[in-house]
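What follows is calculated from the coordinates using simple rules that are stated; it is not laboratory data. The shown structure was predicted, so the numbers you read here are calculated from the model rather than taken from an experiment. Methodologically, a virtual Cβ is constructed for each residue, glycine included, from the backbone with ideal geometry; neighbour enumeration extends over all protein chains shown.
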Amino acid sequence: MPVAARALDGVRAYGLAFAAFFATLLLGVVAAGGWTDARGPRAPVLTGLGLFAGGLLTAGLAPTFPLLLVGRAVTGLGAGLLVVSLYVVVAEVYPDDLRPRAFGAISTAWVLPSIVGPAIAGWLASHWSWRAVFLVVLPLALLLLPILAPQLRGSARNGEQDAGETRRRLLRGVGLASGALALQAGIDAGVPTGLLPGAVGALLVVVCLPGLVPPGTVRLARGLPSLVAVRGLFTGTFSGAEAFIPLMLVEHRGITPALAGSALTVGSLGWTAGSWAQGSRWAHWQRTTILTLGAAVVAAGVLLLALTPLGALPAWLVPLAWVVAACGMGLGMSSMSVLILRLSPPGEEGRSSAALQVGDSLGSLLGIGLAGALFSTLHTPAFPAGDAFGVVWLVMGVVGVIAALASLRVRPRPDPS
């Protein structure tokens, strides 16, 4: 993306290339919720794949940076449809006792791409063209259409959708996505330019979010509402911490960009280990206990990361801390995938999964925004650069501790009868 931004004169809008994806992903998960509950996952999966492929093509051929942003937005919309639909597929195909293993397999499916993807993308952008990064993925996305279509043929439903409720949810989704995008743009612009868009974005988020998540999510009501809130805290902690690892290693420790990127790559191994552990036959703890353990491990890894800018500590402590945090994510994220189906009312798995993904995407945006705002404020000549990174990770670690405490509210209150 840095190469593409420079080539298309879009460096000043660099952050929007990521915010556009997450914002429309929010809209996609909102649209997919009611659609999958009423019609089954077949149409949303195939539509999502088509949009994902169309977005890749648009971004890969974009002659200007604004058109690249359009491609990223279309890709995000397709991804939002896909991620919710996969939850419904798992709910329909796998019995409850096999779902932890199914979600563990889904989590590990991105391990190989996350290990080799950054290196391949960097090589393509440096030695061929940044456009190839998008266009090479396109055939892989299209290949899934003939594979998935026959398998989903029997998954269609004939349920009824409340047209009015569907419109209201979509309008809230548009408002939430627009608000998240405006909030990110305001944070990127800084003071005073970003005050107005940031305030408008925050207002839209506050107004639109309650209608897209279970009642009581903000106040951590027991069960499903707290699970959605914990998902946002999880991804906010992880995404906000992750964004500044390469920058600290390159700018503060003098590590090469390629080596700094490998610090993130090893995190995928920790995530895989956590996903495997929660789905193994030896994991006999209650699912909510595994979730709390995962949140505590994430917080511990990020707090350990806060020590790494200290010059007396070796740089290899960074990937070690990140493996710990990623292992906690593997434990927690797969457990939340199991719990969302277990806590959802029958026939509403799509809406519940959509709410979980709303928390996921919004948490990532707000976590990165909070970390970015802290770093921008502290990154001054009067404040040591290493200390700025340490404060960012300390705050993110505290958010992780809050996630661990909030996860205790996921377990429903025992039935007195």
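The table below lists the values:
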read-out: Cα Rg over Rh - the chain, Kirkwood; value: 0.95
read-out: Distance (nanometres) between label positions extended 7 Å along Cα→Cβ at LEU408 and THR380; value: 3.8 nm
read-out: Most fluctuating residue given options GLY122, GLY33, GLY274, as computed from a GNM of the chain linking Cα atoms under 10 Å; value: GLY122
read-out: Simple spin-label estimate for LEU135 and GLU251 in nanometres, 7 Å along Cα-Cβ; value: 3.4 nm
read-out: Pairwise FRET efficiency - LEU310 versus LEU145, Cβ, R0 = 51 Å, nearest 0.05; value: 0.50
read-out: Extension gain from VAL191 to GLU348, taking 0.36 nm per residue of separation minus the Cα-Cα distance; value: 52.2 nm
read-out: At least 18 Å along the helix axis (C-alpha) and Kyte average at least 1.0, DSSP helices within the chain; value: 16-39, 42-61, 65-93, 111-127, 137-151, 195-208, 287-305, 317-343, 385-407
read-out: Helix-only mean residue ellipticity at 222 nm for the chain, each DSSP H run of n ≥ 4 adding -39500 (n - 2.57), per residue, nearest 500; value: -25500 deg cm²/dmol
read-out: Max mean-square fluctuation residue, GNM over the chain, Cα-Cα springs under 10 Å, options LEU233, LEU203, LEU362; value: LEU203
read-out: Potential extension, LEU317-THR166 segment - 0.36 nm per residue separation minus Cα distance; value: 49.5 nm
read-out: Within segment 216-412: Cβ-based charge dipole about Cα centre, in debye rounded to nearest 20 (Lys, Arg +1; Asp, Glu -1); value: 640 debye
